Amino acid sequence: MKGRLSDTEKLVNMSSVEAVTNAQAAKLAAEAKARQDVANCKEEASNKVSEAITAKTDAIRLANTKIKAAKKREQIAWGSLIVTLFCCLMAYPAFIEDAWEFISAPILWALNNLSIYAKWMATPYYSKYVDGSEKLFAYSAGVAWLLRVLSFALLIASIAGISFGIYKLWLYYRKRWCNLSLRVLLISLAVMIVFGSSIKSLISINLVLILVIIQIVYLGVLIYLDGYYEDRNKASSWIQIQNM
């Protein structure tokens, strides 16, 4: 009886040892499989990252190539446009003459009036008709200095106000620049160049001044259309129209 119990105990012990050994072996196998799975996942992730980086590099290279091609086409287009406008200006010089007048006339007017103003500042005077003829009378010293200060302040304020207004208008024009603005400018410029002589024969006005007036009117129309499309919740459609 004791022998049988001893044999049974041995079998139980052997079974326990075998179970522990099998469990440890299963654990080691599971750990090895897990490590292998992790390694496979890392390798797969690394491959995907490498593929993504390669795809990104290729996309950037392709985008840069397209950008360079677009810039080259743009440069060619602008070059062709400048050559065309230059040829038109040579064939129709009326616009060049008016451009020179548009630049020189205000400068000459300013210089002439500044000369008159400088003489007046030296000795402030006022004019008065006496016996049907205009005569000049100088102000008293106190009034003369008061007029000098006030007139100079008014002159500086006027120049600053006009300059600021032109600057703000230019900023808004740049901000609102789009393909539609380019088309309007080119069409109006082409009309002024080609049909400048005919326009001058109908109305005696500087062609560059007409071009400037057209651009100011165009800005006014833009402001109106901005509000028109925004009130109707069609701002995106208006943006598409401008950049067609």
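The values are calculated or read from the model by the stated rules, or taken from the named source; none is laboratory data. Being a predicted model, the structure only gives us computed values, none of them experimental. Backbone-built Cβ (ideal geometry, glycine too); neighbour counts: all protein chains shown. For accessibility, only protein heavy atoms count, side chains too; no ligands or nucleic acids. Shrake-Rupley method; radii C 1.70, N 1.55, O 1.52, S 1.80 Å.
Structural remarks
- Cα-based helix-to-principal-axis angle, 94-122 vs the chain, degrees rounded to 10: 60
- The modelled label-to-label distance for the pair Ile53/Lys175, using points 7 Å beyond Cα in the direction of Cβ, is 4.4 nm.
- Förster radius 41 Å - calculated FRET efficiency between Val191 and Leu62 (Cβ-Cβ, nearest 0.05): 0.50
- Solvent-accessible heavy-atom area per residue, rounded to whole Å², over the stretch 49-98 at 1.4 Å: 80
- The label-point distance for Arg183 and Ala77, in a model that sets each label 7 Å from Cα toward Cβ, rounds to 1.2 nm.
- For the chain, the longest principal axis of the alpha carbon atoms and the long axis of helix 179-194 meet at an angle near 30°.
- Cα centroid separation, the stretch 158-221 to the stretch 98-155 (Å): 32
- Using the 1.4 Å probe convention, the accessible area of the stretch 107-244 works out to 72 Å² per residue with neighbouring protein chains retained.
- Modelled spin labels at Ser104 and Cys88, positioned 7 Å past Cα toward Cβ, are 2.4 nm from each other.
- Full-stretch length increase - Lys168, Arg232 - with 0.36 nm per residue and alpha-carbon distance subtracted: 20.2 nm
- The long axis of helix 207-231 is offset from the longest Cα principal axis of the chain by roughly 40 degrees.
- Within the accessible area of the stretch 113-239 (1.4 Å probe), percent carbon and sulfur: 70
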